[in-house]
1. If I stretch the segment between D322 and L156 completely, what's the gain in nm (0.36 nm per residue apart, minus their alpha carbon distance), one decimal?
2. Using alpha carbons only, how many angstrom separate the centre of region 108-144 from the centre of region 151-200?
3. Say each of T123 and Y83 gets a label point 7 Å from the Cα, pointing the same way as Cα to Cβ; how far apart are those two points in nm?
4. K53 versus T295, label points 7 Å from Cα toward the beta carbon: distance in nm?
5. What's the exposure ranking of Y331, Y83, going from fewest to most Cβ atoms within 10 Å?
6. Going by amide H atoms built from the backbone, whose H comes under 5 Å of the H on F375, apart from near neighbours?
7. Using 0.36 nm times the number of residues separating I342 and H280, minus their current alpha carbon distance, what extension gain do you get?
8. Do the sum for the chain: with -39,500 (n - 2.57) for every DSSP H run of n ≥ 4, divided by all residues, what is the mean residue ellipticity at 222 nm, to the nearest 500 deg cm²/dmol?
Amino acid sequence: MKMKVKSSFFFLLSVFLSVQALKSPIVIVPGLLGSQLEAKLDKDSSPNFLCSKKSDWFILWVELESAIPGVDECFVDNVKLRYDENTKEYYNASGVEVRVPGFGGTDTIEYLDKSYAASYFNTFVKYFERMGYKKGRDLNGAPYDWRFAPDGLSKLGYYDALHQLIEDSYNRNGHTPVTLIGHSLGGPTSLYFLINYASPDWKASRIKQFISLSGAFGGSVKIFLGLISGEKRFTSTGRSLVTRYATRTFPSYPFLLPSYQLWKSDEVLVTQPKRNYTVHDYEDLFTDIKDPNGTRMYNEVRNLVSSFPPPNVTHYCFYGTDVQTVAQIIYDSFPDQLPSKISHGNGDGTVNTRSLESCGLWKDKQVFPVVMKSFSNVTHGEMVTDKNVLAEIEKLL
Ligand SMILES: *[C@@H]1O[C@H](CO)[C@@H](O)[C@H](O)[C@H]1NC(C)=O
Ligand SMILES: *[C@@H]1O[C@H](CO)[C@@H](O)[C@H](O)[C@H]1NC(C)=O
Ligand SMILES: *[C@@H]1O[C@H](CO)[C@@H](O)[C@H](O)[C@H]1NC(C)=O
Ligand SMILES: *[C@@H]1O[C@H](CO)[C@@H](O)[C@H](O)[C@H]1NC(C)=O
Ligand SMILES: *[C@@H]1O[C@H](CO)[C@@H](O)[C@H](O)[C@H]1NC(C)=O
């Protein structure tokens with residue numbers, strides 16, 4: 001009798017272990033502003049006496065700086081990209097090196113700052129650790145330089161590294177196909193990888209499924225705020241206008257502008273006393289905000305995924321709804337003041353519903369399943385922490 005109990009215990013244990021071993025390894029591609037960035041300075045000049053010109057590596061993002069006006073200019077000057085008209089390439093600012101720490105692990109996407117205040121994938125990682133996942137083994141992060149649109153990451157070697165990470169994770173975990181999870185901008189970035197850097201055979205053997213969480217496949221009206229009036233999250237001084245001189249140098253921002261395929265020509269996205277701007281007026285808008293480079297940048301990235309090409313893998317498209325989301329931005333004074341009013345529509349608080357649902361366009365374009373699921377009252381950020389979302393992901397592994 002005793003023997004029997006013991007052997008059935010070991011039988012159950014081995015079933016348990018083999019089930020564990022079969023769980024699909026996870027590779028996470030985070031979103032806009034969702035990877036830590038480190039910088040090292042050796043600059044000739046700085047915009048403000050408060051800014052260092054020389055430094056060893058330090059956390060550039062997220063650095064929750066002091067609220068002294070002027071300190072925000074240091075961040076802007078260090079994080080902005082420089083475009084070279086001759087090579088037609090983007091570079092770090094002069095005298096600034098920028099790197100993305102922690103590739104392969106999850107530490108630098110769990111928290112983005114060193115005092116553990118800016119949490120991101122921490123709840124997610126804890127949840128899957130409780131299920132038996134282990135960081136670095138079958139739970140991997142693929143942080144990247146989110147200043148770039150998906151095409152710009154090629155030059156930085158990101159897709160080769162991501163390909164290798166998936167390959168290693170597959171090998172490390174008993175040749176178990178991987179679950180690729182992309183949040184926000186990580187959705188289109190993962191899509192770009194699956195389309196351009198993954199062969200059909202490789203996808204069939206290495207990728208179990210692609211899960212997008214609040215994937216911004218068709219852009220978002222809110223991105224205009226960052227380009228016209230600056231990014232609130234880039235400063236603790238409240239002087240968000242200062243930060244537009246950084247956002248306007250990032251190709252990721254124009255890439256995330258509302259898709260001309262999803263917004264109609266009579267829908268006003270931005271309005272100011274002199275005129276209205278629709279999805280067909282981006283060039284005029286860039287001219288009017290005195291950012292003519294924006295038109296070139298937008299033209300470089302507008303068609304990267306505009307035809308809604310399918311990933312050609314099994315896809316789960318999870319997104320939040322019923323949260324007030326920027327639909328139209330109204331300026332009484334333009335372009336050097338903050339907006340006077342915002343009109344809202346449906347979305348997840350950051351991305352508009354039509355963009356979140358554009359993954360549905362893949363249903364007729366690929367033989368692999370496309371399964372959409374919306375989560376009411378779950379915001380863009382909460383999609384990576386919400387218990388119901390995590391439980392749905394757990395079921396798929
Ligand atoms: C436009 O880009 C060029 C580099 O290509 C830069 O020198 C110039 O300052 C930019 N103009 C504005 C208004 O940002
Ligand atoms: C920024 O600096 C890092 C570190 O020196 C370098 O690896 C990277 O290629 C640079 N990025 C660009 C876009 O120049
Ligand atoms: C997806 O599969 C279709 C055929 O079903 C093919 O025409 C298309 O090129 C494939 N796209 C990618 C990115 O593999
Ligand atoms: C902007 O569009 C609204 C309708 O959405 C219209 O009432 C208004 O006159 C337009 N403003 C200008 C300056 O064209
Ligand atoms: C939505 O969620 C918030 C908390 O995030 C909660 O306070 C609110 O009651 C919820 N609203 C609905 C309609 O469920």
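Since every read-out is calculated from the coordinates, none of them should be taken as a lab result. Please read these numbers as outputs of a predicted model, since none were measured by experiment. Here Cβ is always computed from backbone atoms with ideal geometry, including for glycine, and neighbour counts include all displayed protein chains.
1. Values: separation 166, 0.36 × 166 = 59.76 nm, distance 3.73 nm.
Result for the pair: 56.0 nm of gain on full extension.
2. Between the Cα centres of region 108-144 and region 151-200 lies a distance of 18 Å.
3. Once both label points are built, they end up 3.8 nm from each other.
4. That separation, rounded to one decimal, is 3.7 nm.
5. Working: Y331 19, Y83 15.
The most exposed by this proxy come first: Y83, Y331.
6. Y319, G320, T321
7. On the way: separation 62, 0.36 × 62 = 22.32 nm, distance 2.03 nm.
Gain on stretching I342 to H280: 20.3 nm.
8. Working: 15 runs with 124 residues, N = 397.
Roughly -8500 deg cm²/dmol at 222 nm, from the helical runs in the chain.
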